[in-house]
Each structure stands twice: as structure tokens, then as C-alpha cells.
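Working notes, structure below.
The values are calculated or read from the model by the stated rules, or taken from the named source; none is laboratory data. Remember, predicted model here, so these are calculated numbers, not experimental data. With ideal geometry, Cβ positions are generated from the backbone for all residues, glycine too; neighbour counts draw on all protein chains shown. Please note that ligands, DNA and RNA were not included when accessible areas were found on the heavy atoms of the full protein model with its side chains. Shrake-Rupley method; radii C 1.70, N 1.55, O 1.52, S 1.80 Å.
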Amino acid sequence: MLVVAGGLLLALVASKLSEGFPLPAPALFLLAAAAIPVVVPEVRTVERIGVVALIVILFDGGMHIGWRRFRRAALPIASLGILGTFATAAVMAVFDWTTAWIIGAALSPTDPAVMFSILGNKSIRGRSGTILEGESGVNDPVSIALMIGILEFATEDGGSVWTIFTDFVVEMTVGLAIGVAGAAALLIFMRRVELPSEGLYPLQTLAAAGVIYGLASVSHGSGFLAVFIAGLALGDVHVPYKAQIRRFQVSLASLAEIVVFVALGLTVDMSELIEDRVWLDGLLLAIILAFIARPLALAPLLLPLRLRMGERLFVAWSGLKGAVPILLASFAILAGVEDARRLYEIVFVVVAFSVVVQGSSIPFAARRLGVRMRSA
């Protein structure tokens, strides 16, 4: 208890210190945990922690964006979140097909925990901030469904590209339907059923998010998409004790962010990154991803949008990686993919580069590109 509670207090202090430095708080959590000379060998446990944390973060992120903001940028969010994810994975997979597709799928999504942490307390003029936040919510379910399909193709006999496509369509369709239906049912329940204490209303929404995720998952749909859609639907509607619910969700999402980054950081042995020169492969891949793959994949999608050139460049540069790519790489380990541990460590290096270098450069990039950003 002393160690866990003390670590949480240190994380909160680190969050405060990050206000005076350009380094994002998630980067501090990840790097500090990785520097601890203790490695958690059970990837399955960390994967479960990551799934639960992502449910909380996506639900809170959906409520933070809200349907009104999302609707104003729905087309670019959908195109970047779906087509951009596939395009980024494809650009990263120009060499060995199966292995490169696995690492490309792992690195294709931006991370909602990092994006909401950096942009959540910022007011950005125009649609670029909403596009980045919405993209990080949409492309996580897309990349997870894509990764699951690729892993089935790589590890099972009789798999095909068509199987990946059909599984993806089913997961997205079922997840979308259950997300909308679940939000409608929750809204009716919250308005008609009076609970004995106001403190129970935030717990009600948390339980509902878990039920929506579970129903979508057991129905072979994307539970993450369902949770994000439910959060979007509830973001702008009036329900009892909405302010208390929002404060609770924000606090819980902040706790989930700390827990998932620390847990993922503990799975990496820094000495192995140095001895096997994994850091060099990861650094080269991070540079390719930031300067070539993502801008090249998003260019045809950003071109028709009514955005200034500076906003387009800002969106292309600000696709930050985080806990989700590491979580996806853990799927490869659990699936028994050959050399999956090395892939996992490479993804960790790419994520570390993204949150440290790209994340800390967001305010500078916004100023240079003429994107107005201020603390909200």
C-alpha cells in the first residue's frame, strides 16, 4: 500500500511539474516506470489493465468531445480515423508483408490518453484540435480490429485478406450499433430511475460503459468503438448530476492514464533495448513514421478538407503514439507471433520518441504553423 500510494502521489506531482516543462505527463509516467529495475513478466495481466484503462479513457474522451463538436468535423475524423489508419499501416508495411503489417497496425493509431492529456486543457482555434481528439478515439477501435485480423491471418491456417476485411466490417458495424443503442438505453434509465444518492450516478455511468463494452465484445463487435460512441452521445445531453459525472469520469480517466503507462513501462527491460540495439531500430522507425509514413498517408485525406496549410501540417505532425500501440504489440506476444518480443520493444521505443519528442513540440509546432492554442 505504501509503495502503490506513494507512487501515485509521485505521479500526481509529476503531472503538476509537467505544466512548467514541455514534456507531457504520460511521457514521465512511461519513462520513469521503464527506468525502474523491475520487469513485470506477465504481459497478459498488463494487457488486461490496458483494456480496462482504455475503456475508461475512451468513454471519458467521447463525453469530452460531445456529439456537437464531433459532428462539425465528422468527415475528417472518420476519414483519418479509418482510411488514415489503414494507409499508415500500409505505408509502414512496404517490406516484409506479415511482420511489417503487424508492426504497422500497432503503430498506426494515435493514442487518446496522450492526445486528451495534451489537448484536453487547451483551446485550439479551428477544427484541428477536434479532428485530432476525434481521430484518436476512432482509430483505436479500427487499429485493434485490424490487428486482431492480421494476427489471425499470421497464426492460423486458411486465413485470407478477405477474412480480415469481413471481420473488420462486422466489428465496426456491431460496435457502432451497440454503442448507439446502449447510449439511448442509458439515457432513458438515467432520466427515469432515481438513485438514492448523487454519489451513485457516476458509478452508474461507469458500470454502463463496462456493460456496453462487454455486450459489444461478446457480440463479436468492437467494444472500444461502442464505448466511444456512447460517450459521444452522452456528452451534450442533459442528465441528472451531469457535472458530478463529468468530474468523476475525468478523475478516473486520469488515474487510468497513470496506471496504464506505468504498467506498460514496467514490461520493458531497458538493458535489452541497449544490448540488442533495439533502440536504433525503434528510433529509425519512429523517424520514418513521424516524417514520412503519417504525412504521406494523410496527405490525400487532408488535401480536400477546408483547412489552412498550417492546420494540415499540424494535424499530420501531432499524431502522437502512446499506450495503445504498446497494447497492440502485446497482442502479438499473446498470439505467439515469431520474434514478437523484439517487435514489442521496438514499438516501445517508437512510443517513447513520440511522446517525448513530438509531444513536447506540440506548443512550438502550433506557434510556428499559425495554429492558435491557449490554456482553456
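I'd like the full set of residues that are under 22 Å from the mean Cα position of the chain (by Cα) and among the charged types (D, E, K, R), limited to segment 245-295. Result: Arg246, Arg247, Glu257, Arg294.
Within segment 172-187, does at least one residue satisfy the condition of being open to solvent by 10 Å² or more (accessible area, probe 1.4 Å), out of contact with any Phe, Trp or Tyr (no Cβ under 7 Å at 6 or more places or on another chain) and more than 28 Å from Thr130 (Cβ to Cβ)? No, every residue in segment 172-187 fails to be open to solvent by 10 Å² or more (accessible area, probe 1.4 Å), out of contact with any Phe, Trp or Tyr (no Cβ under 7 Å at 6 or more places or on another chain) and more than 28 Å from Thr130 (Cβ to Cβ). Scan segment 247-258 for residues that are aliphatic (A, V, I, L, M) and touching a helix residue (DSSP H, G or I) at 6+ places or on another chain (Cβ under 6 Å) and the total you get is 4.
The residues of segment 45-69 that are closer than 20 Å to Val351 by Cα and of a type in the set (D, E, K, R), listed by number, are Glu47, Arg48. Among the residues of segment 341-354, those identified as within 17 Å of Leu266 (Cα to Cα) and not aromatic (Phe, Trp, Tyr) are Arg341, Arg342, Leu343, Glu345, Ile346, Val347, Val349, Val350, Val351, Ala352.
Looking only at segment 243-256, decide whether some residue is hydrophobic (A, V, I, L, M, F, W, C), at pLDDT below 90 and outside any helix (DSSP H, G or I). Checked against the condition, which is being hydrophobic (A, V, I, L, M, F, W, C), at pLDDT below 90 and outside any helix (DSSP H, G or I), segment 243-256 yields no hits at all. Test Asp167 against the criterion of being assigned to a helix (DSSP H, G or I) and surrounded by fewer than 24 Cβ atoms within 10 Å (Cβ to Cβ), and give yes or no. Criteria met by Asp167. Sub-7 Å Cβ pairs linking a first residue in segment 293-320 that is of a type in the set (Ser, Thr, Tyr) to a second residue that is crowded, with 20+ Cβ neighbours inside 10 Å, at least 6 apart or interchain, are Ser318/Leu132; Ser318/Ile362, ordered by first then second residue.
For Pro300, the requirement of being outside any helix (DSSP H, G or I) and open to solvent by 10 Å² or more (accessible area, probe 1.4 Å) is not met. Output the residue which, of all residues in segment 262-288 that are of a type in the set (Asp, Glu) and assigned to a loop (DSSP other than H, G, I, E, B), is farthest from Ala87 (Cα to Cα). Ranking the qualifying residues of segment 262-288, first place goes to Asp269. The number of residues in segment 265-287 being at positive phi and hydroxyl-bearing (Ser, Thr, Tyr) comes to 0.
Comparison of Ile49, Ile103, Ile57 shows that the only residue that is touching an Asp or Glu at 6+ places or on another chain (Cβ under 9 Å) and either modelled with pLDDT of 90 or more or not basic (Lys, Arg) (or both) is Ile57. In the set Phe314, Phe364, Phe331, Phe291, only one residue is assigned to a helix (DSSP H, G or I), open to solvent by less than 20 Å² (accessible area, probe 1.4 Å) and of a type in the set (Phe, Trp, Tyr); that residue is Phe314. Among the residues of segment 223-260, those identified as open to solvent by less than 40 Å² (accessible area, probe 1.4 Å), closer than 26 Å to Glu171 by Cβ and not small (Gly, Ala, Ser) are Phe224, Leu225, Val227, Phe228, Ile229, Leu232, Leu234, Gln249, Glu257, Val260.
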